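K.L.:
Here's a structure for you.
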Amino acid sequence: MSRVAGPYNGNDIEVDRPYADGGPRPMDEIVSAVTGWGYVAVAVVIIIVLIGQYVHRRRTGQILNWTLLEQVDGLLGADDRRLADTARLLQRSRQAGLTTRLHVSGIPREIPADVDVAAYRIVEEAITSVLEHGMSAASVEISYDATGVTLTVDSPVGSRPVRYSGLGRMRERAGAIGGTVEAGPHRGGWRVIVHLPIDVQPA
């Protein structure tokens, strides 16, 4: 409605009449604008809450993963971890919710201490990577042959990609004793293959 002035018996009066274009009244426009901004504010709050929950879950997951390694370190000691301790490592990982399987092929043999320690550390890195990527299962195969020991770690594709993968440290450990590391997609999952020679030849 609008108000118009006009003479009536010599007096000016104001008469209400509808807007000619049938548009909204000024107050309706204000209410509509305020309501719109209210929806935006609620959406922003929801987004902030979701981001906060995501960051919290990421940090909690990282803490759990590193706690796993700390538990293993405390159980086995700083200098006594060898490839033979892989079963105990996988047993610990099950406490973090990971389904694991260990298979040993070939004839286990005595291997140089440097290779033994590096092999265990590489398996440890691989399991940590599996946990960090939100994977639910992992299988570890330790294969002995005349040239050395081969480690194969298989896992399904993870639910959350992260920067940490452990591959860099695996390659460092393997390269220091002349070993090799290969990693990539395999049968719908992810596979890491590490070969460590028995005759250590530092890179």
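K.L.:
What pairs come up if the first residue lies in the stretch 172-190 and is closer than 25 Å to residue 156 by Cβ, the second is in a helix (DSSP H, G or I), and their beta carbons are under 6 Å apart, counting only those six or more places apart or on different chains?
P.N.:
Cβ pairs passing all conditions: 173/118; 173/121; 173/122; 181/170; 181/171; 181/174; 183/167.
K.L.:
Moving on to the next point. Select, from 194, 117, 123, the only residue that is part of a strand (DSSP E or B), on the phi < 0 side of the Ramachandran plot, of a type outside the set (Phe, Trp, Tyr) and at pLDDT 85 or above. Show your work before the answer.
P.N.:
Working: 117 fails: part of a strand (DSSP E or B); 123 fails: part of a strand (DSSP E or B).
Of the residues listed, the single one that is part of a strand (DSSP E or B), on the phi < 0 side of the Ramachandran plot, of a type outside the set (Phe, Trp, Tyr) and at pLDDT 85 or above is 194.
K.L.:
Hey, another quick one. Just for the stretch 182-201: of the residues that are within 21 Å of the chain's Cα centre (by Cα) and aliphatic (A, V, I, L, M), which one is farthest from residue 142 (Cα to Cα)?
P.N.:
183
The values are calculated or read from the model by the stated rules, or taken from the named source; none is laboratory data. Remember, predicted model here, so these are calculated numbers, not experimental data. Every residue, glycine as well, gets a Cβ built from its backbone with ideal geometry; the counts of neighbours run over all protein chains shown.
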